[in-house]
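**Q** Please see the structure below; I have some questions.
Values in this text are rule-based calculations from the coordinates and carry no lab data. Everything numeric here is computed off the predicted structure, so don't read it as measured data. We place every Cβ from the backbone using ideal geometry, glycine too, and count neighbours over all the protein chains shown.
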Amino acid sequence: MKKIIVMMLSMVTIFAAQAQKEKNPEERGYRDKMMAEKLKFSDEQKQKAKALNEDYRKKMDELRKKDDILVIDWRNQMMELNKKHREDMSALLSKEQKAQIEKMKVEHKKMDEIDANARMEKMKLRLDLNNDQVEKIKKQQSEMREKRKTIQENRSQDMMKKREEMKVLIQKNKENMRSILNEEQFKKMQEMRKSMPRKRRVLS
């Protein structure tokens, strides 16, 4: 019975990882190509990056085919493959390219902040929020982002545990929002969310 449960959990984890990797391979390939162009990869770097990616995919495929190992062992091996791949790819970059990546991260963070402020302004108008409510919501959203980041980056937990923690976090956020908004505002917010397209995020 224990072996069956372990096998089922292993299959769930493997399926989730496959879904995440193969969700949109065309988009991932396009993103990698754009990144190489932005960093001005030399022909040698392009060839080495291609070889590293092919080797990484081959080893991941081999790992997915293993059905006789525990979930924790499978996860540890996957983490090691991911870590080595990141290190190998990073070793290809020059100091200038690494500095450019850091600059791009800062710019991306700034764009995220601009988007978040724009969404907040839209929410303020639609829900007729006062300044005190806006500040409380900003604080709540900032805390939730940090907690979500901590959950996602926790490599000691498997995907199922992360999902459980995310559900608790989302429920807590909903309760906090209910305490900040009045009944009419909360009801209107729920209606707004129902009309928005749903996005499904896979935890890594």
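**Q** From the cross-link list K136/K174; K124/K187; K83/K149; K138/K161; K167/K187; K98/K161, which pairs have alpha carbons spaced over 24 Å apart?
**A** Numbers: K136/K174 13 Å; K124/K187 15 Å; K83/K149 18 Å; K138/K161 27 Å; K167/K187 21 Å; K98/K161 34 Å.
K138/K161; K98/K161, as the Cα separations exceed 24 Å there.
**Q** On to the next question. On full extension of the chain, what length is gained from S195 through L93, given 0.36 nm per residue of separation minus the C-alpha to C-alpha distance? If you can, show how the numbers build up before the last one.
**A** On the way: separation 102, 0.36 × 102 = 36.72 nm, distance 4.41 nm.
Between S195 and L93, full extension yields an extra 32.3 nm.
**Q** Which distance in nm do the two modelled labels at K66 and E184 give, with both placed 7 Å along the Cα-to-Cβ direction?
**A** 6.0
**Q** What FRET efficiency comes out for the pair K83/E143, r = Cβ-Cβ distance, R0 = 35 Å, nearest 0.05? Kindly include the intermediate steps, with their values, before the conclusion.
**A** Values: r = 29 Å, r/R0 = 0.83.
So the FRET efficiency works out to roughly 0.75.
**Q** While we're on this one: Give me the three principal axis extents of the range 87-134 from the C-alpha atoms, as integers in angstrom, largest value leading.
**A** 52, 17, 15
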